[in-house]
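Below: one structure, written as structure tokens.
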Amino acid sequence: MTTRKAILSNDGTVENVILLEDGANWSPPENTTIVDDDGTAKIGGKFVKGKFGPPPEPEPRKPEDMTLEEKVEALMADVELLRYSRPA
């Protein structure tokens, strides 16, 4: 049988989520701990007071840091969003 585990850094950040065989001779990497995961752990999230929190939202990309292709994709996604969000 396998159990879902979350590997945490010292500050409680979820570094990884793994499936571990019961009785496996395995230890988490140095400076990390391992806790049972109820299925809610997400990489980058925090483990606080026995509960997993969501990872932080990524910083929005600045247009000057985007390629032309990325800018076109973002514009097309905005057009689709507007098209489907208009009242009928």
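Annotations
- Listed by chain and number, the lysines placed with their C-alpha closer than 30 angstrom to that of residue 49 are 5; residues fewer than eight positions away on the same chain are left out.
- Residues of type aspartates and glutamates that residue 51 reaches as a straight line, Cα spacing below 17 Å, ignoring anything fewer than 8 places off in the same chain: 11, 15, 36, 37, 38
- Residue among 29, 63, 55 with the largest mean-square fluctuation in a Gaussian network model of the chain, springs linking Cα atoms under 10 Å: 63
- In the set [x] 12.3, 38; [y] 25.6, 91; [z] 19.7, 61, the label that goes with Rg and Dmax of the Cα atoms in Å computed for this structure is [z].
- The angle between the Cα long axis of helix 68-85 and the longest principal axis of the Cα atoms of the chain comes to about 80 degrees, rounded to the nearest 10.
- Rounded to the nearest 0.05, the FRET efficiency derived from the C-beta distance between residue 4 and residue 31 at R0 = 30 Å is 0.90.
Since every read-out is calculated from the coordinates, none of them should be taken as a lab result. The model shown is predicted, which means the values in this text are computed figures rather than measured ones. Here Cβ is always computed from backbone atoms with ideal geometry, including for glycine, and neighbour counts include all displayed protein chains.
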